[in-house]
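> Here it is, the structure in full.
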Amino acid sequence: MARINVFDILGPVMVGPSSSHTAGAVRLGLMARKILGDEPREAKIILHGSFAETGKGHGTDLALVAGLLGMLPDDERIPRAMEMAAAAGLKTVFSAGDLGDVHPNSVRFDLKGATGHEATVLGCSIGGGQIEIRGIDEFPVMLRGDYPTLVILHQDLPGVVAQVTAILAAAQINIAEMRVSREKKGAVALTVVEMDQKIDPAVAALLGKMPVLKRSMTIDPLV
Amino acid sequence: MRSYMDLVQAANQQKKKIGRVVLQEQASELEKTAEELFERMRANLRVMYQAVETGLKKKEHSLSGLSGGDAVKVEQRRLNGQSLVGDRLSGAVARALAVAEVNAGMGKIVAAPTAGSCGVLPGVLLTVQESGNYPEEEVVLALFTAAGLGMVVAERATLAGAEGGCQAEIGSAAAMAAAAAVELAGGTPEETAHAAAITMKSFLGLVCDPVAGLVEVPCIKRNATAAVLALTGAEMALAGVKSAIPLDEVIDTMALIGRQLPCSLRETAQGGLAATPTARKIQLTLP
C-alpha cells in the first residue's frame, strides 16, 4: 500500500454516514459490478456481521446497490439507489447470513447480468472506505482496487501464465502483484494480475484470443 | 511524518507556515505539482462549506430517526440574538452540528479525519475565517496544517474509533482544527502545536460508544462540543499559553490509552452510552 497522504486524512469526499458501512459499501458494489463485467440485472446480496446488524441505519443496502449501478462514494443519488435500481431493471434481494470466518463487515453478491454473465463476489470493508475483494466465484482472491487489475479464468495448463506475462511484457506493462489459484490440478484456474499501467483494448483483445481462456476481465482502479 | 515537532522545526527553518511545508512535502511525495494538490484541497473545503449550508437549512431526520434538526435550532437562537456564549462560539456549534447531521442524513461530506468527526474542522475553520475575513486560500493552507497533524497522529497512534476510541476520532479532529485555527489566525508554528496538545489532552480517554452502532448518538453532538474545545485550545495558545506536555507525547499517550481501552468501548456498541437502558430500548425500535 502507498504511504498515507493528506487526502487520506481529509477525505474521502463521501456521502455519509459511515466510511466503512457506506463509502466502503459503495466501492464493494462498484467492484462487484466491474467483476461481473455486465449491466447487473439480478443481485442476491447476503450481509454478514456488522453489515447485517447496523447496515440499515448506515444505508449499507442503498450504498451496495448504488455501487452496483456504477456510482462512486460521493454520488448524492446514493439515498435514491433503490428507486434507481428499479428504473434500471435491477432486481435486488437482501438477506442476512453467516459467511463463515470473514471480516465483520462482509457481503456476498450473487449477480446476473444483462448479457447472461454470472458472478459471485465476496468482499469486505476494512475501514476508512478501504475494501478487499476476497472471493470471485469459488476462488479466494485478494483485490483492493488500488491498481488496474486483470482477472482471468483459464484452464490449468502449463504455460498459460507465461503466455499472459509475455503479452503484458510486450505491451510494456509492469506487474505489481500476481496470484494464481485453482480448484484442482488441470481444472479451472484463476489468475489475478495487478499492474502499474492500464491495459489498452488491443492488449485485452490479444489476451482474449488465448485458446485456454474461459473469461477475462480488466478492472480499473477505484478512485 | 513521524513527529509534529519536526514539522514545526522545518517551518521555522524555512520561515514558512506549517501548511506550506506539508503541501511541499506532499507534492514531492505524490509526484504532483503543489498547485494540483492545492486545488484538490480547495475542492474539499468547498464540500465542507456546502455541507454547512445544507445542514443549516434542513430539518430532516436521519435514516434511523435518531437525529436531525438540532443545528437549525441553535442557529435560529443565534440569529435571534439570544446566544448565551456569543455569536462566534454559537456559530461554531451550529455549523459543526450541521455537517454532522448532513453526514447522518446520507449527505455529502469530507471525512475529516473520519465521517463521524466530519463537523469539527468545517465548524471551526468557517468561524475563524469570518472572524478575520481571511481569503479562501489561507483556509485551504490551514487544511494542509490540519492534515499534516492528522498524518502524524495516524503514524504514531490511530484515527479509528475501533482502535483508539472516540479520542482518536473526535479528539484528533479537534486537535487538527485547533492547529489549523491558530495558523489561520496568524499564530506561530509552536503555537499550533500547543493549541493541538492542549485540545487533545481534553479528549484523552474518551470512549467510542455509539448507540445502536450508528454514527449519531453521541457522535453528532460531540462534533459541536469538540469545535468549542478546539477554539478554546486555539485561544489559549494564541495568548501564549503553553502545553506542559509536548504534542508528540500527548499523541503517544492517546495511542497508549487507546490500547488500554476494553473492546466494549471501541465502536462495538457493547459498552458506555450504548449499553444504557435507554440505548437498548432505542435499539429495539429501529428498523
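The values are calculated or read from the model by the stated rules, or taken from the named source; none is laboratory data. What you see is a predicted model, and the numbers here were worked out from it, not measured in a lab. Positions of Cβ are generated from backbone atoms using ideal geometry, with glycine treated the same way; all protein chains shown enter the neighbour counts.
> Among the residues of region B:172-219, how many are more than 17 Å from B:VAL250 (Cβ to Cβ), outside any helix (DSSP H, G or I) and not polar (S, T, N, Q)?
Of the residues in region B:172-219, 12 are more than 17 Å from B:VAL250 (Cβ to Cβ), outside any helix (DSSP H, G or I) and not polar (S, T, N, Q).
> Can you name the residue in region B:251-274 that is assigned to a helix (DSSP H, G or I) and touching a Ser or Thr at 6+ places or on another chain (Cβ under 7 Å) and, of all such residues, is nearest to B:ARG2 (Cα to Cα)?
B:ALA255
> Turning to a different aspect of this structure: Report the residue count in region B:153-166 for those that are within 10 Å of chain A (Cβ to nearest Cβ) and out of contact with any Gly (no Cβ under 8 Å at 6 or more places or on another chain).
Of the residues in that region, 3 qualify.
> Shifting gears a bit: What is the residue count in region B:155-204 for residues that are among the charged types (D, E, K, R) and within 28 Å of A:SER19 (Cα to Cα)?
So the answer is 5.
> Residues in region B:122-133: is at least one within 21 Å of B:GLU216 (Cα to Cα) and more than 11 Å from chain A (Cβ to nearest Cβ)?
yes
> A follow-up question, please. Answer yes or no as to whether A:GLY49 is free of Cβ contacts under 8 Å to residues at least 40 places away in the same chain, of a type outside the set (Ser, Thr, Tyr) and within 12 Å of chain B (Cβ to nearest Cβ).
No; evaluated as a whole, the condition is false for this residue.
> Also: Would it be correct to say that A:ARG3 is within 12 Å of chain B (Cβ to nearest Cβ), in contact with a helix residue (DSSP H, G or I) (Cβ under 8 Å, 6 or more places away or on another chain) and farther than 29 Å from B:GLU101 by Cα?
yes
> Looking only at region B:11-52, which residues are away from chain A (no Cβ under 11 Å), touching a residue at least 12 places away in the same chain (Cβ under 8 Å) and either farther than 14 Å from B:GLU190 by Cβ or in a helix (DSSP H, G or I) (or both)?
B:ALA11, B:ASN12, B:ILE18, B:ARG20, B:VAL21, B:ARG42, B:TYR49, B:VAL52, listed by residue number.
> Among the residues of region A:11-31, are any of a type in the set (D, E, K, R) and either at pLDDT below 95 or part of a loop (DSSP other than H, G, I, E, B) (or both)?
Scanning region A:11-31, I find no residue that is of a type in the set (D, E, K, R) and either at pLDDT below 95 or part of a loop (DSSP other than H, G, I, E, B) (or both), so the answer is no.
> Sort out for me the strands (runs of 3 or more DSSP E) sitting completely within region A:87-193 that have 3 or more residues that are modelled with pLDDT of 95 or more and not charged (D, E, K, R).
Passing ranges, in order: A:91-96, A:105-113, A:118-127.
> For region B:54-99, name all the residues that are among the acidic types (Asp, Glu) and either farther than 27 Å from B:GLU136 by Cα or touching a residue at least 40 places away in the same chain (Cβ under 8 Å) (or both).
B:GLU60, B:ASP70 - these are the residues of region B:54-99 that are among the acidic types (Asp, Glu) and either farther than 27 Å from B:GLU136 by Cα or touching a residue at least 40 places away in the same chain (Cβ under 8 Å) (or both).
> Same structure, new question: Please go through region B:256-270 and pick out each residue that is more than 13 Å from chain A (Cβ to nearest Cβ) and surrounded by fewer than 17 Cβ atoms within 10 Å (Cβ to Cβ).
B:LEU256, B:ARG259, B:GLN260, B:PRO262, B:SER264
> Please determine whether any residue of region A:50-63 is of a type in the set (Lys, Arg), closer than 27 Å to B:VAL217 by Cα and in contact with a Pro (Cβ under 9 Å, 6 or more places away or on another chain).
Checking region A:50-63: at least one residue is of a type in the set (Lys, Arg), closer than 27 Å to B:VAL217 by Cα and in contact with a Pro (Cβ under 9 Å, 6 or more places away or on another chain).
> Can I ask one more? With B:GLU169, B:GLU155 as the choices, which residue is under 18 Å from B:VAL250 (Cβ atoms), touching a strand residue (DSSP E or B) at 6+ places or on another chain (Cβ under 9 Å) and part of a helix (DSSP H, G or I)?
Step by step, each of B:GLU169, B:GLU155 is checked, and only B:GLU169 is under 18 Å from B:VAL250 (Cβ atoms), touching a strand residue (DSSP E or B) at 6+ places or on another chain (Cβ under 9 Å) and part of a helix (DSSP H, G or I).
> Tell me which residues, restricted to region A:205-223, are part of a helix (DSSP H, G or I) and more than 20 Å from A:ASP156 (Cα to Cα).
Matches in region A:205-223: A:ALA205 only.
> I've got another one for you. Between B:ALA100, B:ALA92, which is within 15 Å of the chain's Cα centre (by Cα), away from chain A (no Cβ under 14 Å) and in a helix (DSSP H, G or I)?
B:ALA92
> Given the criteria surrounded by 18 or more Cβ atoms within 10 Å (Cβ to Cβ) and either within 14 Å of chain A (Cβ to nearest Cβ) or more than 16 Å from B:ALA230 (Cβ to Cβ) (or both), does B:VAL74 qualify?
Yes, satisfied.
> So, of the residues in region B:59-71 that are in a loop (DSSP other than H, G, I, E, B) and away from every other protein chain (no Cβ under 13 Å), which turns out to be surrounded by the fewest Cβ atoms within 10 Å (Cβ to Cβ)?
Top of the filtered list is B:LYS59.
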